[in-house]
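To start, the structure under review is shown below, and the notes come after it.
Values quoted throughout were computed directly from the atomic coordinates according to the rules given, and no laboratory measurement underlies them. Just so it is clear, the model here is predicted, and its values are computed rather than measured. Reconstructed Cβ throughout: ideal geometry from the backbone, glycine too, with neighbour counts over all protein chains shown.
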């Protein structure tokens, strides 16, 4: 079983990849540029260069993946990027998605960021793929082991 991780070079998942590799999981890290591949490759993770703006690259990145950890950076395009990721997950037949969201995410969230996360969370719930949405203020190894087999 391969786990694809988007946002693989960000702070949220920096400790996750080594933990998954220690457990013997097959990890594929999606990065946007070749210079980001080097450090992840040294850890033992497989890497793939792709962008949420390139459906063909997403299809290649998502191929033969069973579980997706969907992390998007805080950005005005994050909702569109997440939508592109969900569409690619459907095309690839991904079985489960773990999504990193935000505390207070929802249509009435206190900030634009919370409302954008809320839209993506709603889209994920409606997409038909088994999923869990994490809205962390703190993550530990137990959290990851519970959500990613």
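Residues in the range 33-49 that are farther than 24 Å from residue 134 by Cα and not in a strand (DSSP E or B): how many?
Residues meeting the conditions: 11.
In this structure, is residue 58 under 13 Å from residue 98 (Cβ atoms), surrounded by 16 or more Cβ atoms within 10 Å (Cβ to Cβ) and under 15 Å from the mean Cα position of the chain (by Cα)? Lay out the reasoning, then the answer.
Numbers: under 13 Å from residue 98 (Cβ atoms): no; surrounded by 16 or more Cβ atoms within 10 Å (Cβ to Cβ): yes; under 15 Å from the mean Cα position of the chain (by Cα): yes.
So residue 58 does not fit the description; no.
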